[in-house]
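Have a look at the structure below, then the notes.
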Amino acid sequence: MNKILLTPGPVEVKESVRRAMARPMVNADLDPEFLSFFNQLTDKFKKLLKTENDIILLNGEGIIGLEAAVVNIVEAGDQVLVLDNGYFGKGFADFVSNAGGVPVILSKDYNQAFTAEDLEKALDQHPKVKAVTMVHCDTPSAMLNPIEELALVCQRRQVISIIDAVASMAAEPIETDQWGVDILLGGSQKALSAPPGMTILAISDRAWQRMYERKEPYKGFYLNLLIWKNGWLKDGKEFPYTQPVSDLYALDEAVNLALAEGDQLFQRHQDIAEATRQTLLESGFSLMPEENCRSNTVTAFNIPEGIADQEFRNKLWQEYGIMIGGSWGPLAGKIWRIGHMGEGARAEKLFLFFTAFAKLLKAYGLDKPEMAEVFVRNLNKNN
Ligand SMILES: *Cc1c(COP(=O)(O)O)cnc(C)c1O
């Protein structure tokens, strides 16, 4: 049985990306070809993220990017506004506290996106805030925040924006420079569809400035971004440590595929997401969050009354080879989540999912006829 991963990450890794990892090893520090490969790879991310900012590739799962962004920007006593309308949004508060900062948490219903007005008001109330953390797509609740507006407010108010785009990078268009984003971070295992283990950071001059102006320099080594700025980014001669060659080869192939698809990449995510949402709605499910802020990489919907979350998803996996996500925290046992990001955003996979899903629901006594056909009809209607 061909297994299908429709979780909100990690997602299926294409064969060409897996093969890239099997290329012969090189000495990353001494081989001139590798040095130029690395430069080209960072240029590809500049293209994907529409930026001239410095790109740093850290060897670690996306969380390393959240932590690196916070520890480099935040020092003892710094107030940081934490936009909390989702699990990852709220989680930033812990990184801020760990760094000695003071999180100012602005909470909002997990069904509603933050607006520029919310942010302006909070910054008026807390004029000492030095940075704002936020999440583009907050996956556990399928929230898409309008970072295009929020980042611009930060820029205007001279506060540093730290944006978790792990679950949106290479799926939603991101105009890093036009929106004035200071630190944008993404991970390899979501829409980019590479294996987990790499983080991509785009860092503005303003963010570098803030790091240079700290009263106390950040004392760590591995997450210290200035080590990159003052070394590799300055002269292109020396990495701070041996680079994860195979992971970088995989990332390179993944970003090649993304760039080759061009704007169609974003269109594909939108088409699949819309058809998925419409199909669930027509079949009597309700979606979260509210209509104007639903992510195109993940769809969250209610678990029907009387169905045990874990048991149902186990059956879907064991009997049909399809995995979808549940959620956690207050949403645990209440919603299911279909990840349709990167290689998950493929019509044939959603078709197979809806076919299996309707069959399994029927075994539970819930008749939702022809969900797969409804999906195809919705997909064609939108195209
Ligand atoms: C996946 C994800 C991360 C990384 O977290 P893991 O669950 O450890 O992979 C960070 N932020 C967001 C929004 C994510 O979706």
**Message:** For the condition modelled with pLDDT of 95 or more, within 23 Å of N2 (Cβ to Cβ) and among the acidic types (D, E), what is the one hit in E274, E253, E291, E282?
**Reply:** E253
**Complete:** A275 passes all but one of the listed conditions (1) free of Cβ contacts under 8 Å to residues at least 12 places away in the same chain; (2) farther than 30 Å from Y222 by Cα; (3) surrounded by 15 or more Cβ atoms within 10 Å (Cβ to Cβ); the exception is number (1)
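Table: residues versus (1) out of contact with any Gly (no Cβ under 9 Å at 6 or more places or on another chain); (2) surrounded by fewer than 24 Cβ atoms within 10 Å (Cβ to Cβ); (3) not basic (K, R).
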residue	(1), (2), (3)
K130	no, yes, no
D138	no, no, yes
E148	yes, yes, yes
L152	no, yes, yes
S168	no, no, yes
I174	no, no, yes
D177	yes, yes, yes
G187	no, no, yes
**Request:** Could you check, for the range 12-24, whether at least one of its residues is within 16 Å of the ligand (Cβ to nearest atom) and either assigned to a loop (DSSP other than H, G, I, E, B) or in contact with a Gly (Cβ under 8 Å, 6 or more places away or on another chain) (or both)?
**Result:** yes
**Request:** Could you tell me whether V80 is buried (at least 24 other Cβ atoms within 10 Å of the Cβ), touching an Asp or Glu at 6+ places or on another chain (Cβ under 6 Å) and modelled with pLDDT of 95 or more?
**Result:** no
**Message:** Condition (residue is touching a Gly at 6+ places or on another chain (Cβ under 7 Å) and assigned by TED's automatic domain parsing to the domain that holds T42) applied to the range 115-127: is it met by at least one residue?
**Reply:** no
**Request:** Please verify whether the range 267-274 includes one or more residues that are out of contact with any Cys (no Cβ under 8 Å at 6 or more places or on another chain), in a strand (DSSP E or B) and over 24 Å from L41 (Cα atoms).
**Result:** no
**Verdict on T7 being more than 16 Å from the ligand (Cβ to nearest atom), touching a residue at least 24 places away in the same chain (Cβ under 8 Å) and either within 19 Å of E343 (Cβ to Cβ) or buried (at least 17 other Cβ atoms within 10 Å of the Cβ) (or both)** = no
**Prompt:** In the range 129-176, what residues are β-branched (V, I, T), away from the ligand (no atom under 16 Å from the Cβ) and within 16 Å of the chain's Cα centre (by Cα)?
**Reply:** T176
**Request:** May I ask you to list the residues in the range 25-41 that are under 17 Å from Y241 (Cα atoms) and either part of a loop (DSSP other than H, G, I, E, B) or charged (D, E, K, R) (or both)?
**Result:** M25, V26, N27, A28, D29, L30, D31
**Request:** Evaluate the following for K90: is it within 16 Å of the ligand (Cβ to nearest atom) and either buried (at least 19 other Cβ atoms within 10 Å of the Cβ) or part of a helix (DSSP H, G or I) (or both)?
**Result:** yes
**Request:** Please enumerate the residues belonging to the range 47-61 that are within 15 Å of I183 (Cβ to Cβ) and outside any loop (DSSP other than H, G, I, E, B).
**Result:** D54, I55, I56, L57, L58
**Item:** Hits in the range 62-77 - residues which are assigned to a loop (DSSP other than H, G, I, E, B) and either within 14 Å of the ligand (Cβ to nearest atom) or surrounded by fewer than 20 Cβ atoms within 10 Å (Cβ to Cβ) (or both)
**Value:** G62, E75, A76, G77
**Request:** Report, by residue number, each residue of the range 238-262 that is among the charged types (D, E, K, R) and either touching a residue at least 60 places away in the same chain (Cβ under 8 Å) or buried (at least 16 other Cβ atoms within 10 Å of the Cβ) (or both).
**Result:** E238, D247, D252, E253
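The values are calculated or read from the model by the stated rules, or taken from the named source; none is laboratory data. Source: prediction; values computed, not measured. As a convention, Cβ positions derive from the backbone with ideal geometry for all residues, glycine included, and neighbour counts pool all protein chains shown.
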